[in-house]
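Some notes on the structure that comes next.
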Amino acid sequence: MKDIYCDEILSGKKKVEVVLETDNVLSFHHIRPYYEHHIVVIPKKHLTSIYGVKRGDMLIMVEIFEVLQQISAKMNAEFGACTVSTNVGDYQTTKHMHWHVRYGEKIR
């Protein structure tokens, strides 16, 4: 199965509107948003899912949560709320761990 995050976005083939980037994490506006405000947060290292994270990846997880904290705080300040979520198993259409930070009405 194709990994759009590694194959397209992290490789630079697909341009995205970056929200926040660190050494190990990239966050960007969803390329096909489902909500009015929809940001995706991914590790730059390929990690399949949250249940596959190893002890050696914990510093990356800390960095992910710091990015999620900053983005969700900004959305909360701007809109008064947001949802932060990740999927696993069959709910996960892209097998590269990623998080959604979203607010607003569903647009598709």
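Here are the numbers:
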item	result
Pairs, first under 20 Å from GLY52 (Cβ atoms) in the range 68-91, second β-branched (Val, Ile, Thr) and surrounded by 12 or more Cβ atoms within 10 Å (Cβ to Cβ), C-beta under 8 Å, six or more apart	LEU68/VAL41; LEU68/VAL84; LEU68/VAL101; VAL84/VAL101; THR86/ILE50; VAL88/ILE50
Options VAL40, VAL53: the member that is crowded, with 16+ Cβ neighbours inside 10 Å, hydrophobic (A, V, I, L, M, F, W, C) and under 16 Å from GLU17 (Cα atoms)	VAL40
Condition broken by LEU20, with the remaining ones in (1) on the phi > 0 side of the Ramachandran plot; (2) in contact (Cβ under 8 Å) with a residue 12 or more places away in the chain; (3) not polar (S, T, N, Q) satisfied	(1)
Residues (assigned to a loop (DSSP other than H, G, I, E, B) and surrounded by fewer than 18 Cβ atoms within 10 Å (Cβ to Cβ)) located in the range 96-108	ILE107, ARG108
Any hit, the range 81-91, residues being of a type in the set (A, V, I, L, M), surrounded by 12 or more Cβ atoms within 10 Å (Cβ to Cβ) and modelled with pLDDT under 95	yes
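The values are calculated or read from the model by the stated rules, or taken from the named source; none is laboratory data. The structure displayed is predicted, hence computed values, not measured ones. Note that we place each Cβ from the backbone using ideal geometry, even for glycine, and neighbour counts take in every protein chain shown.
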